[in-house]
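Chemist: Below you will find the structure I want to go over with you.
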Amino acid sequence: MKTYGIKAIRNVGLFGHQGVGKTSLAEALLFTSGAIDRMGRSDDGSATTDFDSEEQRRHISINVALAPVEWHDTKINVVDVPGYLDFQGEVRSALSVVEAAILVTPAQGEPEVGFEIAWDLAAERNLPRAVFVNKMDRENADYANVVQALRSRYGNSIAPLQLPIGSAESFKGVVDLVEMKAFIGSGKSVECMEIPADCQNEAQRYRELLIESAAEGDDELIEKFLNGDELSHDEIVRGLHAGIDAGKVVPVLCGSATKDIGMTDLLDIVVHEFPNPTEIGKVHGKHPQSGAEESRDASDSAPLSALVFKTIADPFLGTLNYFRVMSGVLKSGATVLNATRGREERIGQVYYARGKNQENTNEVHAGDIGVTAKLADTRTGDTLCDPARPIVLDTPDLGDPIFEQAVVAKTKVDEDKMGPALQRVAVSDPAFRFHRDPETGQTVISGAGETHLGIVVERLKKFGANVDVVERKVPYRETVTQKAEGQGRHKKQTGGRGQFGDCWIRMEPNRGGGFEFVDAIVGGAIPRQFIPAVEKGIRQALENGILAGYPVVDFKVTCYDGSYHDVDSSEAAFVMAGILAFNNVAPKAGPIILEPIMNVEVLIPESMLGDVMSDLTGKRGRIVGTDSAGPGKTMLRATVPQAEMLRYAIDLRSITRGRGTFRAEVDHYEEVPAHIAQTIIANHKKEREAGEH
Ligand SMILES: Nc1nc2c(ncn2[C@@H]2O[C@H](COP(=O)(O)OP(=O)(O)O)[C@@H](O)[C@H]2O)c(=O)[nH]1
Ligand SMILES: [Mg+2]
């Protein structure tokens, strides 16, 4: 592939709900442009951009993937972005490396939530957008209906730039409303001709809407338009281009990806109407040390800055880093600074990627996208730059994982491999985290949802770690509610030297004060050197709980009396005495179980507030308040026991059909209601009995 100047590059992402045909569209564009000579299918895993084995097994896209298309001396880097809701991290990283988003939606029905989310994220970034209405060849295709739905949702920025010719089985081409020409036929055998007579009227009508939108992009043009003057072809193109750049005009296009209809005109439009990387303006970031604002010109002559937007760690392919050069040139063999991590990296060979295929190149220029292998310390979200001109590029917030499960290694061998495998998976997947919960002893994995974590488990397997997924345990705790006192006496006579330790303790609540041990021994009832042993015994015993095996917190122990034996007393004997004293006294001190309570913030469409609130109330939640959070959105704040939140990511998605998001973190502990405490105690008993057999 030849090297293109920055103005001859377009970086375009395909976004939208799962199953709308993004991967098929990337395939059709590759085929139409001659980059591939056979069209693969996402249904059987043969599509260029679905090359990961999990993608092929599940028939869904999981990773962003590249499909560079050369068209009329322009290179279009088509980025195929997964639509499944679990992979919103991919959506966010893809948005940071493209100059325009094509939002794909089918001609049947209204755009779904994957479309909405991508739209909102693109709009937040003020990214130029277009809508591609796909599957025009399928039954019930209704272009006008989709346009209407888009207009009622997003207003007059929605501007049809094409009309379909025919519909469902009769669909055969598109009318381009700028050129006022028809493009009929599929693949490369598309003919440009006069608009068929039966489409003329409709085309005229839609063209007027389009011209109005185009005029609004430019002051001079709007004046002309309002005066009733005709806009020339070039003026319309200019106005549209400016409107698209500013996000004020969102052109709507249509076609069929699998029938390969409408592709040539789509490519023409991307080349002529969509912005090139210089039109987005300067590249912004910060100095890694001083934090001062830095910026670079989007040009080859500026110092290098490149954003790594995807890292793939594969046991067979090794580590691959996909990067977008924002400024300067990234050359094979160069030494660059990973400014995010403060490390120098040596670049090996740089490539252009098309799906899993790589093509050598010696340099990747400003505005273009490339791949390199074998970087030691670089991963998604990092900035690579000229060591003499350090910059950390602004990167999108990828959001925090919201769904947790725990994993258990199947065998000892798996256990040894689990740690490194988790590390490897985390390197390539910024939406995935893991940690060991010191309270429950579980290895907790967190991600965007069940599908995401299911894929993580498959990847762990590839790295040699077979694991079972189990529900995350709630880190309950126990405490006491009243004063009690009693003795712990350890006496044993075995053969030679005996063991003797004896202490009296008082136990009382110490809410919020942690565990406290008070030495109130007077007159040497217990020799000085053995008093810490009593404390040690109590500390050991508290780990095993009173009621249900959970650590006991927030209580005070006063050791006020005891006795000893000149020969038989030892540290070990007083540790035992401490344990016995705890086990004797704690049950009398009104023990209760505490549960973690989370502060929860849920962001939802206003209309769903009632449903979300009643669900949370059913989860023993307390509503703290609501705030308006932008047009039509509400932020609901509540406190909810963690035990009820384990599957909230899934519940909220189903209640709000994917439109709600939330954040939750443990805030404090509260007493578990009695009926639930009984269940916890019964479960603990069952587990202990099972463990004894
Ligand atoms: N009839 C028809 N089916 C399509 C079209 N585009 C995609 N499909 C089918 O829709 C399904 C999902 O397509 P895919 O490209 O994987 O969607 P993605 O999830 O958006 O990447 C597959 O079964 C495709 O064959 C189209 O234009 N017409
Ligand atoms: Mg796909």
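Please treat every number below as a calculation from the coordinates, not as lab data. Being a predicted model, the structure only gives us computed values, none of them experimental. Cβ coordinates were reconstructed from backbone atoms using ideal geometry, including for glycine residues, and neighbour counts include every protein chain displayed.
Chemist: Under 16 Å Cα-Cα from Lys483, which aspartates and glutamates qualify once same-chain neighbours fewer than 8 residues away are excluded?
Modeler: Within reach: Glu508, Glu516, Asp554.
Chemist: Something else now. Give the shape of the range 93-225 as rounded, prolate or oblate, defined through the alpha-carbon gyration tensor: a ≥ b ≥ c are the square roots of its eigenvalues, a/c under 1.5 means rounded, and otherwise the shape is prolate if a/b is larger than b/c and oblate if not.
Modeler: Oblate shape, in that a/c is at least 1.5 and b/c is the bigger or equal ratio.
Chemist: So, with +1 on the Cβ of K and R and -1 on the Cβ of D and E, and no other charges, what is the size of the charge dipole of the range 560-693 about its Cα centre, to the nearest 20 debye?
Modeler: 880
Chemist: Now a separate question. Run the numbers for Asn683 and Val567: contour at 0.36 nm per residue of separation, minus the present Cα-Cα distance, in nm.
Modeler: 37.3 nm
Chemist: If you don't mind, another one. Classify the range 249-331 as rounded, prolate or oblate, taking a ≥ b ≥ c as the square roots of the eigenvalues of its Cα gyration tensor: rounded when a/c is under 1.5, otherwise prolate if a/b is larger than b/c and oblate if not.
Modeler: oblate
Chemist: In nanometres, what is the gap between the two model label sites at Asp627 and Asp37, each 7 Å from Cα along Cα-to-Cβ?
Modeler: Those two pseudo-labels are separated by 6.1 nm.
Chemist: Rounded to the nearest 20 debye, what is the charge dipole size of the chain about its Cα centre when +1 sits on each Lys and Arg Cβ and -1 on each Asp and Glu Cβ?
Modeler: 2640
Chemist: Here's something else I'd like to know. Mind listing the long-range amide H neighbours of Asp300? Cut-off is under 5 Å, sequence gap 5 or more, other chains count too, H placed in the peptide plane at 1.01 Å from N.
Modeler: Under 5 Å from the amide H of Asp300: Gly328, Ala366.
Chemist: Could you tell me the center-to-center distance, by alpha carbons, between the range 74-119 and the range 206-237 in angstrom?
Modeler: 29
Chemist: Taking the Cα centre of the range 426-567 as origin, work out the dipole magnitude from +1 charges on Lys and Arg Cβ and -1 charges on Asp and Glu Cβ, in debye rounded to 20.
Modeler: Value, rounded to 20: 300 debye.
Chemist: I'd like the distance between the alpha-carbon centres of the range 367-388 and the range 619-693, rounded to an integer number of Å.
Modeler: So the separation of the two Cα centres works out to 40 Å.
Chemist: While we're on this one: Give me, ordered by chain and number, the residues 5 or more places off Phe515 or on other chains with an amide H under 5 Å from its own placed amide H.
Modeler: Asp554, Phe555
Chemist: Counting C-alpha atoms alone, how compact is the chain: give Rg to one decimal and Dmax as a whole number, in angstrom.
Modeler: Over the chain's Cα set, Rg and Dmax evaluate to 32.4, 115 Å.
Chemist: For the chain, with the dipole built from +1 on Lys and Arg beta-carbon atoms and -1 on Asp and Glu ones, taken about the Cα centre, which of Ile681, Val427, Thr278 lies farthest toward the positive end?
Modeler: Ile681
Chemist: Within straight cross-link reach of Lys491, meaning Cα distance under 16 Å, which aspartates and glutamates are found once same-chain residues fewer than 8 apart are removed?
Modeler: Asp502, Asp566, Asp568, Glu571
Chemist: For the range 387-485, state what percent of all Cα-Cα pairs lands in each successive 5 Å bin, counting from 0 Å until the bin that includes the largest distance.
Modeler: Cα pair-distance distribution for the range 387-485, in percent: 2, 11, 20, 20, 13, 9, 7, 6, 5, 4, 2, 1, 0, 0.
Chemist: What trypsin sites (Lys or Arg not before Pro) in the range 147-241 are in a loop by DSSP, with at most 14 other Cβ atoms within 10 Å of the Cβ?
Modeler: Answer in residue order: Lys188.
Chemist: May I ask which of Lys259/Lys462; Lys619/Lys686; Lys259/Lys633 have a Cα-Cα span longer than 28 Å here?
Modeler: In this structure, Lys259/Lys462; Lys259/Lys633 exceed 28 Å between Cα atoms.
Chemist: Which loop-located GluC sites (Glu not before Pro) does the range 194-277 contain, where loop means any DSSP state but H, G, I, E or B and the Cβ has at most 16 other Cβ atoms within 10 Å?
Modeler: Glu194, Glu230
Chemist: Now for a different question. Can you tell me which lysines have their Cα less than 18 Å from the Cα of Lys282? Leave out same-chain residues fewer than eight positions away.
Modeler: Lys7
Chemist: Here is a follow-up. Quick one: of Lys2/Lys331; Lys492/Lys556; Lys331/Lys356, which pairs are farther than 24 Å apart, Cα to Cα?
Modeler: Lys492/Lys556
Chemist: In whole angstrom, how far apart do the alpha carbon centroids of the range 134-189 and the range 344-358 sit?
Modeler: Value for the Cα centre distance between the two parts: 38 Å.
Chemist: With all distinct Cα pairs included, what does the Kirkwood hydrodynamic radius of the range 22-88 come out to in Å, to one decimal, could you say?
Modeler: 12.0
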